[in-house]
Amino acid sequence: MLTRDKRYSFKKGIPRKVLQSSLFLLRYQKNNVEAFRASVVVSKKVSKKAVVRNRVKRVFIEALLKAVGSTATSFDLVFFLRPVIIEKDHEAVYNELVHIFKKL
């Protein structure tokens with residue numbers, strides 16, 4: 001789970017800029033804080049079972065923290081996960097995140 005200072009709140013709306021991947025859709029915007037803030041959205045389209053959705057979210061957040069640790073970013077990030085991510089392992093998710101962060 002992300003710590004409170006790294007969580008993104010939707011009170012200000014959803015970020016406008018979009019990057020797409022085969023595993024997720026990323027909406028992002030620059031923020032005034034030195035650290036990143038992130039939110040991960042896993043809808044019921046990914047899986048009807050909460051156990052599967054929570055497992056996917058845990059794997060994704062673990063890969064996200066590992067990927068962000070290697071790059072310093074000051075963005076608000078909102079990830080909308082796609083159903084394909086269920087079949088992927090931790091390394092595939094990590095590699096996709098690193099590839100997307102290079103585009104930021």
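The values are calculated or read from the model by the stated rules, or taken from the named source; none is laboratory data. Values in this document were obtained by computation on a predicted structure and should not be read as measured data. No Cβ is skipped: glycine too gets one built from the backbone with ideal geometry, and neighbour counts run over all protein chains shown.
Details
- Hits in segment 86-104 - residues which are in contact with a helix residue (DSSP H, G or I) (Cβ under 7 Å, 6 or more places away or on another chain) and within 22 Å of residue 14 (Cα to Cα): 97, 101
- Scanning segment 65-97 for residues that are closer than 14 Å to residue 25 by Cα and either acidic (Asp, Glu) or in a helix (DSSP H, G or I) (or both) yields 76, 83, 84, 85, 93, 96, 97.
- Within segment 15-40, residues that are within 17 Å of residue 67 (Cα to Cα) sit with their Cβ atoms under 8 Å from residues that are at pLDDT 90 or above and part of a loop (DSSP other than H, G, I, E, B), at 6+ positions apart or across chains, in these pairs: 23/82; 23/88; 24/82; 25/82.
- Test result for residue 78, more than 14 Å from residue 35 (Cα to Cα), touching a residue at least 24 places away in the same chain (Cβ under 8 Å) and surrounded by 17 or more Cβ atoms within 10 Å (Cβ to Cβ): yes
- Just one of the numbered conditions (1) out of contact with any strand residue (DSSP E or B) (no Cβ under 7 Å at 6 or more places or on another chain); (2) surrounded by 14 or more Cβ atoms within 10 Å (Cβ to Cβ) is not true of residue 69: (2).
- When residue 32 is tested against (1) in contact with an Asp or Glu (Cβ under 6 Å, 6 or more places away or on another chain); (2) not in a strand (DSSP E or B), just one condition goes unmet, and that condition is (1).
- Restricting attention to segment 44-65 and to residues that are of a type outside the set (Val, Ile, Thr) and in contact with a Pro (Cβ under 9 Å, 6 or more places away or on another chain), the residue that is nearest to residue 89 (Cα to Cα) turns out to be 47.
- Lone qualifier among 57, 88 - being in contact (Cβ under 8 Å) with a residue 60 or more places away in the chain, crowded, with 18+ Cβ neighbours inside 10 Å and basic (Lys, Arg): 88
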